[in-house]
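Enquirer: Have a look at this one.
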2 protein chains.
Amino acid sequence: MTNRATDFLLDPRLAADTVTLGELPLCRVLMMNERRYPWLILVPRRAGLVELLDLEPDEARMLWEELHQSMAALRDLGTKINMGALGNMVRQLHIHVIARTEGDPAWPGPVWSHSPREPWPDPAESAETLRRRLKLPQCGI
Amino acid sequence: MTNRATDFLLDPRLAADTVTLGELPLCRVLMMNERRYPWLILVPRRAGLVELLDLEPDEARMLWEELHQSMAALRDLGTKINMGALGNMVRQLHIHVIARTEGDPAWPGPVWSHSPREPWPDPAESAETLRRRLKLPQCGI
């Protein structure tokens, strides 16, 4: 029997593409390791979630607050925030928050499926910048 | 001085691509006139909104409820719900809710920017089906 709160494990494909920034009350916050767009991914720490409809009402409220915090943290890193929950490739529920800028490589289309990922030269440094914007404690401290 | 509640006007590009299904407490509900994907668009009826961050807290709660209702209405029309707020082309805040199915034309990529829209042969009939699923009254009655 799955315990949705304690049996959470991050999908290995999400883990491979991202750097963990830290934990909010509901979600693990990841930074996509992609230097062309400031890009956060929120993953509710509950086992077995696939759709937003799978969230309990109190979890949905927490998710909204954490999305709001994430969008606010990225707002002045671009000219338009894109938010999306797709999950066609990775089924584990995860929500993207991306700062877009007119003229960026995928503009005005979506970033998903646009082109291969271009990693940061120093992902840890970029992660620290975003962590400060999100007011998350440094990992491991 | 803009009155955000009374000065709402639907963006003409959204109007041109969609059929209006009806009104929820916060949002106008549109059906994208695209026969390949069951596709709803929610537009909060408030003038001047661009980002989800622009919503007042009570509006954000209403939006979440209406998104939940929309996702539930589409759930068994596909195998995965995609939800997104992009706004790179049309700045007026609008949120997409789309029922995706493995093997559909854009699968597993996003539908946005994938290929030109393919309209329904009879949009009014398709709209009526979605309106019933959403439990919205028929327009004009």
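Enquirer: Scan the stretch B:125-138 and give yes if some residue there is more than 9 Å from every other protein chain (Cβ to nearest Cβ), under 22 Å from B:Ala47 (Cβ atoms) and either free of Cβ contacts under 8 Å to residues at least 60 places away in the same chain or in contact with a Cys (Cβ under 6 Å, 6 or more places away or on another chain) (or both), otherwise no.
Expert: Of the stretch B:125-138, the ones more than 9 Å from every other protein chain (Cβ to nearest Cβ) are B:125-138.
With under 22 Å from B:Ala47 (Cβ atoms) added as a condition, the list becomes none.
No, every residue in the stretch B:125-138 fails to be more than 9 Å from every other protein chain (Cβ to nearest Cβ), under 22 Å from B:Ala47 (Cβ atoms) and either free of Cβ contacts under 8 Å to residues at least 60 places away in the same chain or in contact with a Cys (Cβ under 6 Å, 6 or more places away or on another chain) (or both).
Enquirer: A further question follows. Taking the stated definitions as given, is A:Arg132 among the charged types (D, E, K, R) and open to solvent by 70 Å² or more (accessible area, probe 1.4 Å)?
Expert: Details: among the charged types (D, E, K, R): yes; open to solvent by 70 Å² or more (accessible area, probe 1.4 Å): yes.
Yes: the conditions hold for A:Arg132.
Enquirer: For the stretch A:66-86: of the residues being at the interface with chain B (Cβ under 7 Å from one of its Cβ atoms) and in contact with a Lys or Arg (Cβ under 6 Å, 6 or more places away or on another chain), which is farthest from B:Val111 (Cα to Cα)?
Expert: Looking at residues that are at the interface with chain B (Cβ under 7 Å from one of its Cβ atoms) and in contact with a Lys or Arg (Cβ under 6 Å, 6 or more places away or on another chain), I get A:Lys80.
Enquirer: Working carefully through the options B:Ala99, B:Ala15, find the one that is assigned to a strand (DSSP E or B), more than 10 Å from the chain's Cα centre (by Cα) and not polar (S, T, N, Q). I'd like the intermediate steps shown before the answer.
Expert: Numbers: B:Ala15 fails: assigned to a strand (DSSP E or B).
Going through B:Ala99, B:Ala15 in turn, just one is assigned to a strand (DSSP E or B), more than 10 Å from the chain's Cα centre (by Cα) and not polar (S, T, N, Q): B:Ala99.
Enquirer: Now for a separate question. Looking at the stretch A:74-106 only, could you name the residues that are more than 26 Å from A:Trp64 (Cβ to Cβ) and surrounded by fewer than 16 Cβ atoms within 10 Å (Cβ to Cβ)?
Expert: Once the filter is applied, which keeps residues that are more than 26 Å from A:Trp64 (Cβ to Cβ) and surrounded by fewer than 16 Cβ atoms within 10 Å (Cβ to Cβ), the stretch A:74-106 yields A:Glu102, A:Gly103, A:Pro105.
Enquirer: How many residues are under 29 Å from B:Glu65 (Cβ atoms), open to solvent by 50 Å² or more (accessible area, probe 1.4 Å) and touching a helix residue (DSSP H, G or I) at 6+ places or on another chain (Cβ under 9 Å) when one looks only at the stretch A:5-27?
Expert: Within the stretch A:5-27, residues that are under 29 Å from B:Glu65 (Cβ atoms), open to solvent by 50 Å² or more (accessible area, probe 1.4 Å) and touching a helix residue (DSSP H, G or I) at 6+ places or on another chain (Cβ under 9 Å) number 1.
Enquirer: Search the stretch A:35-49 for residues that are buried (at least 16 other Cβ atoms within 10 Å of the Cβ) and pair each with any residue that is modelled with pLDDT under 95 and of a type in the set (Asp, Glu) when their beta-carbon atoms are under 9 Å apart and the residues are at least 6 apart or on different chains.
Expert: Correct list of pairs: A:Arg46/A:Asp7.
Enquirer: Check A:Asn88 against each of (1) in contact (Cβ under 8 Å) with a residue 40 or more places away in the chain; (2) in a loop (DSSP other than H, G, I, E, B) and name the one condition it does not meet.
Expert: Unmet condition: (1).
Enquirer: Could I ask something else about it? Is there a residue in the stretch B:113-121 that is in contact with a strand residue (DSSP E or B) (Cβ under 9 Å, 6 or more places away or on another chain), in a helix (DSSP H, G or I) and surrounded by fewer than 19 Cβ atoms within 10 Å (Cβ to Cβ)? Before the answer, list the steps.
Expert: From the stretch B:113-121, those in contact with a strand residue (DSSP E or B) (Cβ under 9 Å, 6 or more places away or on another chain) are B:117, B:120; that's our starting set.
Imposing the further condition that a residue be in a helix (DSSP H, G or I) reduces the set to none.
Looking for residues that are in contact with a strand residue (DSSP E or B) (Cβ under 9 Å, 6 or more places away or on another chain), in a helix (DSSP H, G or I) and surrounded by fewer than 19 Cβ atoms within 10 Å (Cβ to Cβ), one finds none in the stretch B:113-121, hence no.
Enquirer: Could you check, for the stretch A:103-123, whether at least one of its residues is more than 10 Å from chain B (Cβ to nearest Cβ), touching a residue at least 12 places away in the same chain (Cβ under 8 Å) and of a type in the set (A, V, I, L, M)?
Expert: No - not one qualifying residue is present in the stretch A:103-123.
Enquirer: If A:Val97 satisfies all but one of (1) within 10 Å of chain B (Cβ to nearest Cβ); (2) touching a Ser or Thr at 6+ places or on another chain (Cβ under 6 Å); (3) hydrophobic (A, V, I, L, M, F, W, C); (4) touching a residue at least 60 places away in the same chain (Cβ under 8 Å), what's the number of the condition it fails?
Expert: It is condition (4) that A:Val97 fails.
The values are calculated or read from the model by the stated rules, or taken from the named source; none is laboratory data. The structure displayed is predicted, hence computed values, not measured ones. Counting neighbours? That spans all protein chains shown, and the Cβs are built from the backbone with ideal geometry, glycine included. Keep in mind that these areas ignore ligands, DNA and RNA; they rest on the heavy atoms of the full protein, side chains included. Shrake-Rupley method; radii C 1.70, N 1.55, O 1.52, S 1.80 Å.
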